[in-house]
Structures are given as C-alpha cells and as structure tokens.
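The values are calculated or read from the model by the stated rules, or taken from the named source; none is laboratory data. All values reported here derive from a predicted model rather than from experimental measurement. Here the Cβ positions follow ideal geometry from the backbone for every residue, glycine too, while neighbour counts run over all protein chains shown.
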Amino acid sequence: MGCQRAELRKQSGRVCADVEREIDLSKRIATLNLLSEASIAHCDDVVVTYGAQARSQFRHKAFSITREAANVFVPDGTFIEYIMESYERGYLSILLAISYLRLHKTEDAKVELRDLDHELFAPIYNFGEDPVNLLFSAVLWEQLGDVGEAHVDWLRLRDFRIFAMREDPLLRRFADERVSQIDNREGTGSEWHVYQVGRFPQLDWDLRFSNSTSGYFSITPKEPFMASCASSTGVLVSTESWFNKIAIRHSHAYHPLLNVQTWIRLPIGIVYSLIPVAAGAGIMVGGCMLDAAGNGKGSLCQLSVVGGVALMRTAPDVLEGSLRPDLRHWQEVPAAIVVTRAAEANQEPCMAKLKGGVQRLL
C-alpha cells in the first residue's frame, strides 16, 4: 500500500503541474473541468488553491443593463459571464472538503461542509439544494466523526422535496434506514467510500411552445441517466437532479429575467430568419430581371434561382442560432455517484453491473 501511494504521488506530481499550468480563471467552464481532473488525480493542493478562488469569482452575477439589453439581440449568454448553478457551487465545496480530508485537515473540511449549506440555501441568483450534494455531505460528516451533523443531512434526504424535481424513493428509503441506524447507534464507526460513475451527458434542445411558464425550450439529455440502486451497504444516485436545474434555467419561477429575455428574443429571431428569405427572393427576382433585360439565354436567371434558394434555406439555421438557449455548465461532473460501506468496489451490489467509467473520490 505504501509503494502504491508513493507511485500515485509521483504520477500526480506530473499531472498536477500540468493541470495547474493550464488553469486560467478567465475561462470559467475550462477551470471547473480542470478542477475535476485535479480532484481525480489527487492534486489536492491545486483543488484547494484554485477551487476557493473559482467559487469566489464564479458565484455572484454582476448585472449590467447594457449587457442584459444587448444579450437579447444575440444568442443567449454571448455577453454574459457564466455563473455557477447552486449544485455546482455545492459540488465544488464537496471537492474542497474531500481534498482537505485527504490532506488530513479535518477542521478545514468541516468548514467547507458548513459552507455547503450556505451555498445551497443562499438567496442569490442561482439557488436551491439537491439530493446529490446532501448525500455527499451526510457521508463526509460521518467520515469526519460528526454523526450529529450527518444525522441532520440524512433527515433532509429522507424528507427531500423541491420544485420541479421528482423524489427518489430508493434514496429516501436508504436515508430513512440510515437515520434509524444512527438513532440505534448501529454502524456509526464504519468507513464510507465514494465513487463517481461516468460523465454528465451532453444536452440537446428543441422549441416547444406548449408551456409558456418555462420559456419555449425542451431540454433533454442525449443519453439517459442511470436508475437509482440501493443495497444494505450503499446507494447509487444519478445526477439527474443537476440536469433538472439546467432544464428549468429559463423558467419564470426560477429565473424571471432569463424567461423575459427568452420571449423578447423570439420575435427578434424570427426577423433575423426572414432576412435570408427576403435576400434570397431578391436575388432570384433581380437576377431573372437582369437576364431578361439583357436578352440572356436564362443562365443568369438559373444561377440566381439556385443561389437564392440556397440562401433561403439558411433561414431555419439562423432562427435556431438566434434562439439557442444558454446551456453552459460544468461538463466534467459525474453522471452518478455511489457511496458504500463495502470495503471493495466489487463487494457493493449497486456497482456489480457498472461496465466502466468508475473513479474513486474517497
């Protein structure tokens, strides 16, 4: 074990230097993705240093009347700096807590977990708790030996309900059993292991006008999320709740400003799409008129028709580009997580059918 640990550090030293060299806080999404890579590579000093800076800089939205007004005339998010969603702030706090725990700085890890509560409940631009980060928090509190704090998070998981998110009966049942075990002082000294599974799927979108309260977008994942699984030793939970936060980003109940901008952008986008139609028709008519006036043989008219039709066919692409929603997000996050008290991954029933993409966080 000692030799393996030394080899890991040697490998991580090279990886960590490369990761730290690439981090540029002006590139927000790229920075978050690099922090995920650093956490997997056990580059804990990098995570601690740059994770705290990223959370501070990417947390608050700076409103600008000029930028918000200009954003209506261009694809969503063109002039707006990316601001982390609440689940991303929570996950970043989790990565920081895990890094402090691996560095044996338990008090700093506890501070991060307490900050996690503030991140989830802070009444700022992006807000709201989610079950995945609550599960992380409950397990990490147990790892730190604070069963009381863990008990609170298990209770919150058991009773979890939030706007636009479906409850997970398997997770709630597992949390309920864990609450009972803690109340009966069963298994409070056992060690938890945390794994991340797969990669958050890419997102797709389409126009849908049937629900005006959520804008006119239908946001869907390109790959389905895994089904939940619970056993006597652990639980697998997908990050579909994180996807749900992105899917309701343009909802009036969640972001009224984005919702209003979305509806204002619709007629502007339609006007934009009419420009190639009008230009294409003008080319067709003008070319044929010039051909007739010059007693041509029809070659100019034919060329004008072909060119005009080709230009008119770009109208749907122009409309799509004008209306495209802002779907930026932290890409290098897991598609699911597994927490288990089994000593080895192959001993956890919920991990038996996983074919790959499993990486240990703790």
Legend entry - Selection from the stretch 121-161 of residues that are closer than 27 Å to L257 by Cβ and of a type in the set (A, V, I, L, M, F, W, C): F121, A122, I124, F127, V132
Inset, instruction - Please identify the pairs in which a residue from the stretch 215-237 that is in the same structural domain as L170 (by TED's automatic domain parsing) has its Cβ atom under 7 Å from the Cβ atom of a residue that is basic (K, R) and surrounded by fewer than 20 Cβ atoms within 10 Å (Cβ to Cβ), counting only partners at least 6 apart or on another chain. - result: Y216/R208; F217/R208; S218/R208; A230/R173; T233/R341; G234/R341
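Every residue, every condition in (1) among the aromatic types (F, W, Y); (2) within 24 Å of F243 (Cα to Cα); (3) touching a Lys or Arg at 6+ places or on another chain (Cβ under 8 Å), yes or no:
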position: S99; (1), (2), (3): no, no, no
position: R102; (1), (2), (3): no, no, no
position: K105; (1), (2), (3): no, no, no
position: H118; (1), (2), (3): no, yes, no
position: N126; (1), (2), (3): no, yes, yes
position: S137; (1), (2), (3): no, yes, no
Legend entry - Qualifying residue in the stretch 250-261 (condition: assigned to a helix (DSSP H, G or I), farther than 30 Å from E177 by Cα, in contact (Cβ under 8 Å) with a residue 60 or more places away in the chain and not hydrophobic (A, V, I, L, M, F, W, C)): yes
Inset, instruction - Determine, yes or no, whether A175 is outside any loop (DSSP other than H, G, I, E, B), in contact (Cβ under 8 Å) with a residue 24 or more places away in the chain, of a type in the set (G, A, S) and farther than 30 Å from V46 by Cα. - result: yes
Legend entry - Residue match in the stretch 321-338 (condition: without any contact (Cβ under 8 Å) to a residue 60 or more places away in the chain and assigned to a helix (DSSP H, G or I)): no
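I'd like the full set of residues that are of a type in the set (S, T, Y) and either at pLDDT 90 or above or within 30 Å of E112 (Cα to Cα) (or both), limited to the stretch 53-100.
Across the stretch 53-100, the qualifying residues are S56, Y82, S86, Y87, Y91, S93, S99, Y100.
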Inset, instruction - Return the residue satisfying two criteria in turn: it lies in the stretch 207-242 and is aliphatic (A, V, I, L, M) and either at pLDDT below 90 or at positive phi (or both), and of such residues it is surrounded by the fewest Cβ atoms within 10 Å (Cβ to Cβ). - result: L207
Inset, instruction - Identify all residues within the stretch 236-249 that are basic (K, R) and not in a helix (DSSP H, G or I); write none if there are none. - result: R249
Legend entry - Answer residue from the stretch 303-362, given it is among the aliphatic types (A, V, I, L, M) and closer than 26 Å to F73 by Cβ and is surrounded by the most Cβ atoms within 10 Å (Cβ to Cβ) among those: L323
Inset, instruction - Search the stretch 1-36 for residues being among the β-branched types (V, I, T) and in a helix (DSSP H, G or I), and hand back the single one that is modelled with the lowest pLDDT. - result: V15
Inset, instruction - Specify the residue that is surrounded by the fewest Cβ atoms within 10 Å (Cβ to Cβ); the eligible residues are those in the stretch 274-302 that are outside any helix (DSSP H, G or I) and of a type in the set (G, A, S). - result: G294
Inset, instruction - Would you check which residues across the stretch 73-90 are part of a helix (DSSP H, G or I) and out of contact with any Ser or Thr (no Cβ under 9 Å at 6 or more places or on another chain) and list them? - result: S86, E88, R89
